[in-house]
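A.B. asks: Can you keep this structure in mind? I'll have questions shortly.
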Amino acid sequence: MGDTQRKYPGYTGQVGAAPALTEAEAAARIHEGFPSLATARVIHLGEGLDHQAFEVDGRFVFRFPKSDEAASHLAREARLTAWLAPRLPLPVPLYRFLDGPAEGLTPGLGGYEKLPGRPALLVDAGRLGLSRFGRELGAFLGALHALGPAEAMRLEVPEDDDPELEAWSAAAVEELHVAVEHGHVGAQEATAWERRFLERPTEGRGAPRLLHGDFAAEHVLVDARGALTGVIDWSDACMGDPARDLAGLLHWGGAPMLASAMETYGAVSPTVLARARWFAACRAVADLAFGQTQRRPEYLSAGQRALTLLTEPSSSLD
């Protein structure tokens, strides 16, 4: 299970990011920092824009931040997931290892016990029970979004830094151009999508809720039996528009998956659904651009699938 972190549209990583670590370099830091793992085998798993991930002793996932900002996010993520774990119906990473000689210092790495399964992004969607997943994930998001904002603020969860969606809109147009340039979206189709991205939804945001912030198939784990086993990567958690999380379901399984999620999440207004569709479209072109620039075919497939799903009739949600 690698660090499949793609981030939200327009995100390009941290300025001045640290160079990537080799397996030997990562092993040396882990062995030195944690005596109980002094002889553990370390294997590179993957890399996102903010972190590298390594499997340790076949039991743990260690993440190495690439910048000071990513490191501060990791510290906040560790605090948040410890608080969330007993309050959510699916497992989340629980960090057992954070480096630093004293509590409260910014960690240079963090490790949690490996959750079973693999990111659903890497599993053929046709093999998965997306309607069942929708109901399970609807309950999961319902529990998350119902948590009180006061505790989230105490844990220093930030507010959404783009509530008016200006950055999302600009990034989606830019990433759409990348997708067109490389033949992933036709020029005529792109005209309609660009108009859609520029028409930012202005209604339906409502009161901010505690969000995962980058919720989609890449951060939901599925085991070999097709069961959900956890939700990873909480580094983008924030207080914001719940439509942003709901969009991950629409992006993954279209209107049918989101409709099944509403059975357990609860009813939402048409304006929230419209915002979710808009966020899902932004995610789709972000996948295409990321898949192209990072040579990640699984993201190209996810983006193409999402755009196809988003052009289908959505009467089941209206």
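The values are calculated or read from the model by the stated rules, or taken from the named source; none is laboratory data. Everything numeric in this text was worked out from a predicted model, so none of it was measured. Glycine gets a Cβ as well: all are built from the backbone with ideal geometry, and neighbour counts include every protein chain shown. What goes into the accessible areas is simple: the full protein's heavy atoms, side chains included, and nothing from ligands, DNA or RNA. Shrake-Rupley method; radii C 1.70, N 1.55, O 1.52, S 1.80 Å.
A.B. asks: What range in the chain is the longest one free of trypsin sites (Lys or Arg not before Pro) that are in a loop by DSSP and have at most 13 other Cβ atoms within 10 angstrom?
C.D. replies: The longest such stretch corresponds to 60-224.
A.B. asks: Calculate one ³J(HN,Hα) per residue across region 120-135 by plugging θ = phi - 60° into the Karplus curve 6.51 cos²θ - 1.76 cosθ + 1.60, and present them in order as whole Hz with x for glycine and proline.
C.D. replies: Computed from phi, the couplings for region 120-135 are 4, 4, 8, 10, 4, 4, x, 8, 10, x, 5, 5, 5, 4, x, 5 Hz.
A.B. asks: Follow-up. Report the Cα centroid-to-centroid distance between region 239-318 and region 46-84 in angstrom, as an integer.
C.D. replies: If we compute the Cα centre of each part, the gap is 26 Å.
A.B. asks: Which ³J(HN,Hα) values, rounded to whole Hz and listed in residue order, are derived for region 236-252 from phi using the Karplus coefficients 6.51, -1.76 and 1.60 in 6.51 cos²θ - 1.76 cosθ + 1.60 with θ = phi - 60°, glycine and proline given as x?
C.D. replies: Working through the residues one at a time gives 9, 4, 7, 9, x, 6, x, 4, 5, 6, 4, 4, x, 6, 5, 5, 7 Hz.
A.B. asks: In nanometres, what is the gap between the two model label sites at Gln294 and Thr311, each 7 Å from Cα along Cα-to-Cβ?
C.D. replies: Each label point is offset 7 Å from its Cα along the Cβ direction, giving 2.5 nm.
A.B. asks: Take region 205-318, compute every pairwise Cα distance, and split them into 5 Å bins from 0; I just need the percent in each bin.
C.D. replies: Pair shares across the bins are 2, 12, 20, 24, 22, 14, 5, 1.
A.B. asks: Once each part is reduced to its C-alpha centroid, what is the distance from region 156-193 to region 18-45 in angstrom?
C.D. replies: Here the answer is 37 Å between Cα centres.
A.B. asks: Moving on to the next point. Between Val180, Ala280, Leu249, whose Cα lies farthest towards the positive end of the dipole of the chain when Lys and Arg beta carbons carry +1 and Asp and Glu beta carbons carry -1, centred on the Cα centre?
C.D. replies: Going by the charge dipole, the pick is Leu249.
A.B. asks: Give, rounded to the nearest 20 debye, the magnitude of the charge dipole that region 42-94 has about its Cα centre when Lys and Arg contribute +1 at Cβ and Asp and Glu contribute -1 at Cβ.
C.D. replies: 260
A.B. asks: Scan around Ser67 for amide H atoms under 5 Å from its own, H built in the peptide plane at 1.01 Å from N, and keep only partners 5 or more places away or cross-chain.
C.D. replies: Result for Ser67 returns Ala18.
A.B. asks: Under the Kirkwood approximation for Rh and a Cα-based Rg, what ratio Rg/Rh is obtained for the chain?
C.D. replies: 0.96
A.B. asks: With all protein chains present, how much of the accessible area of region 80-184 (probe radius 1.4 Å) comes from carbon and sulfur, to the nearest whole percent?
C.D. replies: That fraction is 51 percent.
A.B. asks: Calculate, in nm to one decimal, what Ser301 and Arg59 gain on full extension: separation in residues at 0.36 nm each, minus their alpha carbon distance.
C.D. replies: Here the answer is 84.1 nm.
A.B. asks: Continuing with this model, one more query. Points 7 angstrom from Cα along the Cβ direction at Ala24 and Ala143: gap in nanometres?
C.D. replies: Result: 4.5 nm between the two label points.
A.B. asks: Would you mind working out the magnitude of the charge dipole of region 57-149 relative to its Cα centre, with +1 at each Lys and Arg C-beta and -1 at each Asp and Glu C-beta, to the nearest 20 Debye?
C.D. replies: About 360 debye.
A.B. asks: Right, next: About the Cα centre, and with charges only on the beta carbon of Lys, Arg (+1) and Asp, Glu (-1), how big is the dipole of the chain? Nearest 20 debye, please.
C.D. replies: Result for the chain is approximately 840 debye, rounded to the nearest 20.
A.B. asks: Also, quick follow-up: If you average 1/r over every pair of different alpha-carbon atoms in region 87-190 and take one over that average, what Kirkwood value in Å do you get?
C.D. replies: Evaluated over region 87-190, this radius sits at 18.7 Å.
A.B. asks: If I stretch the segment between Ala38 and Arg127 completely, what's the gain in nm (0.36 nm per residue apart, minus their alpha carbon distance), one decimal?
C.D. replies: Fully extending the segment from Ala38 to Arg127 adds 28.0 nm.
A.B. asks: If amide hydrogens are placed 1.01 Å from N in the peptide plane, which non-local residues have theirs closer than 5 Å to the one on Gly46?
C.D. replies: Correct list: Asp3, Ala53.
A.B. asks: Continuing with the same structure: When a/c is below 1.5 the answer is rounded, else prolate if a/b is larger than b/c, else oblate, so apply that to region 142-261 with a ≥ b ≥ c taken from the square roots of the Cα gyration tensor eigenvalues.
C.D. replies: Oblate, because a/c is 1.5 or more while a/b does not exceed b/c.
A.B. asks: If you don't mind, there's one more thing I want to ask. Pop out the ³J(HN,Hα) list for region 77-84 in order, Karplus 6.51 cos²θ - 1.76 cosθ + 1.60 with θ = phi - 60°, rounded to Hz; leave Gly and Pro as x.
C.D. replies: 4, 4, 5, 5, 5, 4, 6, 6
A.B. asks: Are there GluC sites (Glu not before Pro) in region 181-227 that DSSP puts in a loop and that have at most 14 other Cβ atoms within 10 Å, and which ones?
C.D. replies: Sparse-neighbourhood loop GluC sites (Glu not before Pro): Glu199, Glu203.
A.B. asks: With all protein chains present and a 1.4 Å probe, how do Leu273, Leu122 order by accessible area, largest first?
C.D. replies: Descending order: Leu122, Leu273.
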